[in-house]
Amino acid sequence: MTASPITIGLKHRFSAFRTNRAQHGYKAFTTAFDEVVGPAQITAMLRDLSPAQKRSFDDANKQFDTLFNAERVEITAAGAALVRDLKHALTSEERGQTVVSFLIDHSGSMRGLRMMSALLAVEGAVDALDHAGIATEILGFTTTSWKGGQSRKAWRWAGRPSNPGRLCDLRHLIYGEAERSTRHPWQLRMAMRSEMLHENIDGEALAWGAGRLAAAKWSRRIICLVSDGAPIDDATLLANEDRNLLARHLEETEHRLTEEGFTICTLLIGGENVPEPMLFERAEEPQAAGVGLIRLIRRATLEPNSGAMTKA
């Protein structure tokens, strides 16, 4: 059977990958289908909702605004204490040169109460850091679809080379840049839409978030990963012999960025059966997540050696 022009073209396109493929180490089969979605594009997504989806989204927003009043009181109190301690321990210049980036896992398992808990925690932490004069970024990470998307199709057209590496289409979301004028971007609530949540490739998301924070601008760069477990993508794991590819890349990225001067911390919402990061807090939803994130930020900003410790 003669190969089609499409098949021939794709095989030629990825021939260098097959020829030069390293036996070990993390890689992506292709990055051609990855995307970064900015605030304006997230807003445009809302306009594309059907009437039923719009009602569901509005209901989720109402629940988020009305169900957690008691939790917000506790989180606000913890945040106020953090603000006092930050202002006491750090000069205004030190606080002005510090940035905290919140990197929120948009995997399918974060759907529902876990995502609400994450958003409640991030909103409380952003509010506290704003009062302390510390800049924040709010980012999200997922994939464009389930089961690999266009990357997996390209791999199949290329002849299914063995051990292709990451085999899905990344979607990175920018809810709020560090220099934004609005502390709480309303688009962040879009994370409560179930169709926004797919797979999670944490290592590449962490590297992307770090790449947005220039050392020339910030003398202290803190990245806080908010997640409920280890990175996973079925398309990638099924196509590679190394079933620990994604988890090991996350660990290696965390260590590399720490050596480069970043402070990396993780709020685990659940996630009982995942390896413990260097600096983390574990919390159940929803109040404990908010208070846990405030406690984690305290450790990251005011306890220089806390990265060597773990907390049960």
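Put a dot 7 Å past each Cα toward the Cβ at Arg55 and Arg180; how far apart are the dots in nm?
3.0 nm
With runs of 4+ DSSP H residues as the only contributors, calculate the mean residue ellipticity of the chain at 222 nm using -39,500 (n - 2.57) per run, divided by the residue total and rounded to the nearest 500. Walk me through the numbers before you get to the answer.
Values: 12 runs with 141 residues, N = 312.
Taking each H run of at least 4 residues, the total per residue is -14000 deg cm²/dmol.
Sort Asp234, Asp127 from largest to smallest accessible area, using a 1.4 Å probe on the heavy atoms of the protein chains.
Details: Asp234 85, Asp127 65 Å².
Per-residue accessible area, sorted high to low, gives Asp234, Asp127.
Please report, in debye to the nearest 20, how large the charge dipole of the chain is about its Cα centre when each Lys and Arg carries +1 at its beta carbon and each Asp and Glu carries -1 there. Intermediate results must be reported in sequence, preceding the final value.
Working: 38 positive and 39 negative charges, 193 e Å.
Here the chain has a charge dipole of around 920 debye.
Number of Lys-Lys pairs in the chain under 23 Å by Cα, sequence gap 8 or more or different chains?
Values: Lys11/Lys27; Lys11/Lys147; Lys11/Lys153; Lys27/Lys147; Lys27/Lys153; Lys54/Lys62; Lys87/Lys217.
Summing the qualifying lysine pairs gives 7.
List, in order, the whole-Hz ³J(HN,Hα) value for each residue of the range 194-205 obtained from phi through the Karplus relation with A = 6.51, B = -1.76, C = 1.60 and θ = phi - 60°; use x for Gly and Pro.
Once rounded to whole Hz, the list reads 4, 6, 7, 10, 9, 9, 9, 10, 5, x, 5, 5.
Around Ser101, which amide H atoms from residues at least 5 apart in sequence, or from another chain, sit under 5 Å from its own amide H, with H modelled in the peptide plane?
Amide H neighbours of Ser101: Glu137, Ile222, Ile223, Cys224.
Can you give me the % of accessible surface on the chain that is carbon or sulfur? Probe 1.4 Å, all protein chains present, nothing else counted.
52 percent
In the chain, with Lys and Arg counted as +1 and Asp and Glu as -1 at Cβ, which of these residues, Trp146, Ile222, Leu188, has the Cα nearest the positive end of the dipole, that is, farthest along it?
Going by the Cα projections, it comes out as Trp146.
List every residue whose amide H lies under 5 Å from the amide H of Tyr175, counting only residues 5 or more places away in sequence or on a different chain, with H placed 1.01 Å from N in the peptide plane.
Close amide H contacts, sequence-distant or interchain: Ile138, Leu139, Gly140.
Could you derive backbone 3J(HN,Hα) for the range 35-42 from the dihedral phi with the Karplus parameters 6.51, -1.76 and 1.60 (θ = phi - 60°), listing whole Hz in sequence and x where the residue is Gly or Pro?
3J(HN,Hα) across the range 35-42, in whole Hz: 8, 10, 10, x, x, 5, 6, 5.
Considering only Glu260, Glu94, Glu177, give the residue with the highest GNM mean-square fluctuation for the chain, with springs between Cα atoms whenever their separation is below 10 Å.
Between Glu260, Glu94, Glu177, it is Glu260 that shows the largest mean-square fluctuation.
Can you work out the accessible area per residue across the chain, with the rest of the protein chains kept in place, probe 1.4 Å, in square angstrom? List each step's numbers first, then the result.
Working: 14410 Å² over 312 residues.
So the chain comes to 46 Å² accessible per residue, rounded to a whole number.
Using the crude model of +1 on Lys and Arg Cβ and -1 on Asp and Glu Cβ, and no other charge, please compute the dipole size for the range 224-268 relative to its Cα centre, in debye to 20. Show your work: numbers first, answer last.
Numbers: 3 positive and 10 negative charges, 13 e Å.
Magnitude of the dipole: close to 60 debye.
Using θ = phi - 60° and the Karplus relation 6.51 cos²θ - 1.76 cosθ + 1.60, list the HN-Hα couplings for the range 231-242 in order, rounded to whole Hz, with x at every Gly or Pro.
Once rounded to whole Hz, the list reads x, 8, 7, 4, 4, 5, 5, 6, 8, 10, 5, 7.
Pick from Leu267, Leu139, Leu302 the residue whose mean-square fluctuation is largest in a GNM of the chain, springs joining Cα atoms under 10 Å.
Greatest mean-square fluctuation among the candidates belongs to Leu302.
From zero up to wherever the largest Cα-Cα distance of the range 65-145 sits, split into 5 Å bins and tell me the percent of pairs in each.
Histogram of Cα-Cα distances, whole percents per bin: 3, 14, 22, 19, 18, 12, 8, 4, 1, 0.
Taking the structure as given and computing percent of Cα pairs over 33 Å apart, which label from [x] 27; [y] 38; [z] 32 fits?
Checking each listed value against the structure points to [x].
The values are calculated or read from the model by the stated rules, or taken from the named source; none is laboratory data. Please read these numbers as outputs of a predicted model, since none were measured by experiment. So basically every Cβ, Gly included, is an ideal-geometry build from the backbone, and we count neighbours across all protein chains shown. Keep in mind that these areas ignore ligands, DNA and RNA; they rest on the heavy atoms of the full protein, side chains included. Shrake-Rupley method; radii C 1.70, N 1.55, O 1.52, S 1.80 Å.
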